[in-house]
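The values are calculated or read from the model by the stated rules, or taken from the named source; none is laboratory data. For clarity, every value in this text was computed on a predicted model and none was experimentally measured. Virtual Cβ from ideal backbone geometry, glycine too; neighbours counted across all protein chains shown.
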Amino acid sequence: MKIKRTDSSDKDFQDLVKLLDADLAIRDGEDHAFYHQFNKIDMLKNCVVVYLEDNAIACGAFKPFSEESVEIKRMYTNPEKRKLGLASGILYELEIWARESGYKKCILETGLKQPEAIALYEKSGYHKIPNYGQYAGVENSVCFEKEI
């Protein structure tokens, strides 16, 4: 396994995000357009791509949220490669990178229709917080944070 730090201009990252968006369109159904507007990748400067045998199979990113915190975004693992701990590895790498960049906390939003994501974040030490920003009052959203 190889982990590459990159940005959103990376073609492998872009290809994985397309697969993520296709999966979320199915899971989110009619709510997909609402969520999609907050998931543009053109300005992401902190992206991670995981490779197995030179194949890009997983990704994640973060973007600044405040002076002290980043927002974890675009977490995805190819369904055929799930249950190998790749998402945990990506999350850990993003946390290290954020801490190296001077941040103290990670926040994120995920959907109630993504139970595997919720389990990952809880297992990784994240705790639920009130929905923030554009997710406040959105019943299908659940937000988390972690001190890093």
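None of 7, 31, 21 is at pLDDT 95 or above and surrounded by fewer than 20 Cβ atoms within 10 Å (Cβ to Cβ) except 7.
Here residue 110 fulfils each of the conditions (1) under 12 Å from the mean Cα position of the chain (by Cα); (2) at positive phi apart from (2).
How many residues does the stretch 100-148 contain that are modelled with pLDDT under 95, of a type in the set (Gly, Ala, Ser) and within 11 Å of residue 72 (Cβ to Cβ)? Going through the stretch 100-148 one residue at a time, the tally reaches 1. Select, from 83, 40, the only residue that is at pLDDT below 95, under 15 Å from residue 117 (Cα atoms) and more than 12 Å from the chain's Cα centre (by Cα). Matching residue, one of 83, 40: 83. Contact annotation: residue pairs with Cβ atoms under 9 Å, 6 or more positions apart or on different chains, pairing a residue in the stretch 111-125 that is within 18 Å of residue 136 (Cα to Cα) and free of Cβ contacts under 8 Å to residues at least 40 places away in the same chain with a partner that is of a type in the set (Gly, Ala, Ser) and not in a loop (DSSP other than H, G, I, E, B), are 112/141; 118/111.
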